[in-house]
1. Collect the residues in region 342-390 that are over 30 Å from residue 452 (Cβ atoms), touching a residue at least 12 places away in the same chain (Cβ under 8 Å) and of a type in the set (S, T, N, Q), keeping them in residue-number order.
2. Right, residue 556: of a type outside the set (Lys, Arg), at pLDDT below 90 and either in contact with a Ser or Thr (Cβ under 7 Å, 6 or more places away or on another chain) or open to solvent by less than 60 Å² (accessible area, probe 1.4 Å) (or both) or not?
3. I'd like to know if region 144-151 contains one or more residues that are among the polar types (S, T, N, Q) and farther than 18 Å from residue 181 by Cβ.
4. Would you mention how many residues in region 390-429 are more than 29 Å from residue 466 (Cα to Cα), of a type in the set (D, E, K, R), open to solvent by 40 Å² or more (accessible area, probe 1.4 Å) and part of a loop (DSSP other than H, G, I, E, B)?
5. Out of 38, 50, 68, which single residue is without any contact (Cβ under 8 Å) to a residue 40 or more places away in the chain, open to solvent by 50 Å² or more (accessible area, probe 1.4 Å) and β-branched (Val, Ile, Thr)?
6. Confirm whether residue 457 is out of contact with any Phe, Trp or Tyr (no Cβ under 7 Å at 6 or more places or on another chain), assigned to a strand (DSSP E or B) and either closer than 23 Å to residue 531 by Cα or not polar (S, T, N, Q) (or both).
Amino acid sequence: MNNDGMVTGGSQPGPSPMMPFVWSEDGGHTVLQDGDDTERINSSGVVCGTRRIDGGSSWLPLVWKDPTSPVEIAPGELEKGWAWDVTDGGTVVGSCVPNNASGSRPFIWSEADGLRLLEYPTIHDNGIAVGINEAGVVIGGAGRSAVSMAVGLIWRGNGPEPLPTLGQDYALAMDINEAMALCGEAEDAAGNHVPAYWANPDSAPLPLPIPSTHPKGRARDLNEHGAVAGWVASDLRYPLAPPNLAVAWIREELVVLQDHLDASGDGWLLTDARTINDHGQVLCVGQYNDMVWQTCILTPYPVAAAGEDMTVEQESLSGSGVTLDASASTGVGITYEWSENGETIATGPAPSVTLQLGTHEITLTVTDKDGRTDTDTVTIVVEDTTAPAISVTTPDPFEQSSADGTMVSVSVEVTDACDADPDVTYDPPIGGVFPLGTTEVTITAVDDSGNTAETTVSVEVQDTTPPSITAPADLTIQTEDPNGVALTDDDLGLPAVSDVCDAAPQVGNDAPGAFPIGVTVVTWTATDASGNVSTDQQTVTVELIAAGSPFDQLREMILGYVDSGDIDRRMQRSLIKKVDNAERQYDRGKVRPAKNMLGALANHIEAQAGKKISPEAAEALLMKISEIVAGM
C-alpha cells in the first residue's frame, strides 16, 4: 500500500487461478493482466510481482507500469524469480535463479541498467533481496538451503555487509526507509525469531515489544516516521491463521490492531499487518466471517508528532520566527492545531510563529477525519546569548584648553537585537576633563540577558597651540664708543608671555654680548612644555656720538656705519666730502649755503637707503642731519 492508499495483492475467486490486482478507494478494483501475484506498489502505482510458469511450479518476476502490459524482468535470462520491492524510480529488487545455475541469487534491476546479480558470502548457496530505499541501499539475506536464511545482509555500494544481530546467528531485515532505519526479525537468546528494529544498518537491533503470549513474530514494513507493522505468533513461524495477531509499533509501543476495530470491524480477525504508509494506514490480512486471507485497511489512530525540542537564538525585540514541524504526524485527513497555555497560536503542519524570549511548551493536537485526536508537546527555548554590538568612532585629537586638560566626548553606538537600551558604562567616565596625553577608555555594554560586550578607544588630548609672546619695545642707544655697547636682558626689557597650558613657558633671545654701532634685531623665543614655539622681534639701534662739533659726530657715524657694513665703503669719500663742504660754509658764517649742502647730503642718503645704505643707518643719519640743521 502506498501513501495514496492504493493497495496491491492477489485474489482467488473460487477455484480460479490467482489474479493480481490494484485497488483504491477512488478507482476501485483493477485486475493486472498476465500475472499471478504482487508484492509492492510505489507512489506512482507501479507494481512488482510474479507470473506462474511451468504449470505453476515456477515464477518469473514482473513489473506493471499499467494494468494491461507487464514488463518481464530479464526475459530469457532466468529460470525463475520473484520481485519483492520497487522504488519510486522503478528500480526492482528480488531473488532469482539464473539459467543453468543452482541456488537463488539476489538481484537489482531497472529498465535503464538491466539485471545485476548481487554478491553474497560464498559459504552460502542461496540469497534474496527483499527491500530497497530511494538511495539504492538494498537489504536481504543469504543461507545454506532454499528455505532458511542464516544471515541478514545489506548492500550499500561496497558489497554485502552482515546485519547486526541480537547475539545469535540469524537476523533478516524486511524493509528500509530513507532515514536508513530497518525492520525485520532476529533470533533471540531463547531461539525465537522476534520482531526487531535497527535505527541504522550499523546499530544493534532493538527487539520490539510483544505480548508474553506471543513470543515470536516479524516486523514486515516501516514508514518514514519509524512506525512499524507486522505480526506476532504464539507458535507458528508465519501468520497463516489465529492465534497470530496483526500488530503495529507506533512510537515503539505495541499496538494490537484487533483492539482498534470499530463496529464496522465485526467479523474480522486480523492476523498479519503487511504494510504501513506514512499516514499511519495499515494494510491488514486476516479472517472475515471464517474466510481466510481477507484484506482490510485500518488506521489505528492519528499520531501527533510535534517535532524535536529546539533552542533558537532571539532575532529581534519581538522575538524569533520559528517554523513548527508536524511532518512526522500520521493519520488520514488530519488537521493540525498548535496551542500554548490553552490558546491556539497556529494551525497547519508547518506554520511559522514568533516566540518571545523564554521557554515555550507548545502542544500539537491532530484530529483525523473520524474526529479522533492525539497530542504531542514540543519545548522551544528562545534564548539571547548574543552580546550587544558596540560601534565607536575614534575621535580626532582634542586640543588642550586649560592647564588641567580639556572636556572630551566620544561618539558611541550600541545596538542589541533584543534590548532597545543596553546599559553602557565608560571607564574613566566620558564628559569630564581629560589630561594632556592619551587615555584608554573602556566601554562596556550589558543587555537585559546579561550578555556583555567590551571595547576600548584611545582619547588623545594634545597641545599644539604655541605661547603668546610680545617682545620688549624697540631701543635706541647712543654711545661714544665706536665698538658699540653691552646691554643686559634687564636693559632690553622683559617680553609679555602667556600660554593656555603652561604657566611658565621658557623664554630666551639671541641678543649678542655687545651691540655694534647700527641696528641689531633681537629675536625673542617662548617655548611651552609641549615644545610649541613662538617668536617676536625687538630692534636695538646703537648710535655713535662723536666728540667735537655736530659735523664731527656726523662724520664719526658715517665711518662707524662703513665699518659695520651698513654703508657701502665706496660711498665713504663722497659722504664725508659733503659733510666737510657744509662745515666750511658754516664756519664762514654762511648758514644758508651750509643748510643747502646738508639737504643735498640728506637727499643723497635717502636715494641710497635700502641700496648702498641700510635703511636703519639711513634713518639714523637723516635724524642726525635734521638735528644739525635745527641747531644752526
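1. 347, 352, 363, 365, 367, 373, 375, 377
2. Spelling it out, it is not the case that residue 556 is of a type outside the set (Lys, Arg), at pLDDT below 90 and either in contact with a Ser or Thr (Cβ under 7 Å, 6 or more places away or on another chain) or open to solvent by less than 60 Å² (accessible area, probe 1.4 Å) (or both).
3. There is at least one residue in region 144-151 that is among the polar types (S, T, N, Q) and farther than 18 Å from residue 181 by Cβ.
4. Selection size over region 390-429: 1.
5. Only one candidate passes the filter, namely 68.
6. When the stated conditions are applied, residue 457 passes them.
Listed here are the residues, each with its yes/no results for (1) at positive phi; (2) open to solvent by 60 Å² or more (accessible area, probe 1.4 Å); (3) of a type in the set (Lys, Arg).
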position: 552; (1), (2), (3): no, no, no
position: 563; (1), (2), (3): no, yes, no
position: 568; (1), (2), (3): no, no, no
position: 572; (1), (2), (3): no, no, no
position: 575; (1), (2), (3): no, no, no
position: 579; (1), (2), (3): no, no, no
position: 586; (1), (2), (3): no, yes, no
position: 590; (1), (2), (3): no, yes, yes
position: 593; (1), (2), (3): no, no, no
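To keep it simple, each residue is scored yes or no on (1) more than 18 Å from residue 225 (Cβ to Cβ); (2) open to solvent by less than 40 Å² (accessible area, probe 1.4 Å); (3) within 30 Å of the chain's Cα centre (by Cα).
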{"site": "298", "(1), (2), (3)": "no, yes, no"}
{"site": "309", "(1), (2), (3)": "no, no, yes"}
{"site": "312", "(1), (2), (3)": "yes, yes, yes"}
{"site": "375", "(1), (2), (3)": "no, no, no"}
{"site": "388", "(1), (2), (3)": "yes, yes, yes"}
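The values are calculated or read from the model by the stated rules, or taken from the named source; none is laboratory data. All values reported here derive from a predicted model rather than from experimental measurement. Quick reminder, even Gly has a Cβ in these numbers, built from the backbone with ideal geometry, and neighbours come from all protein chains shown. These area figures cover heavy atoms from the full protein model, side chains too; ligands, DNA and RNA do not enter into them. Shrake-Rupley method; radii C 1.70, N 1.55, O 1.52, S 1.80 Å.
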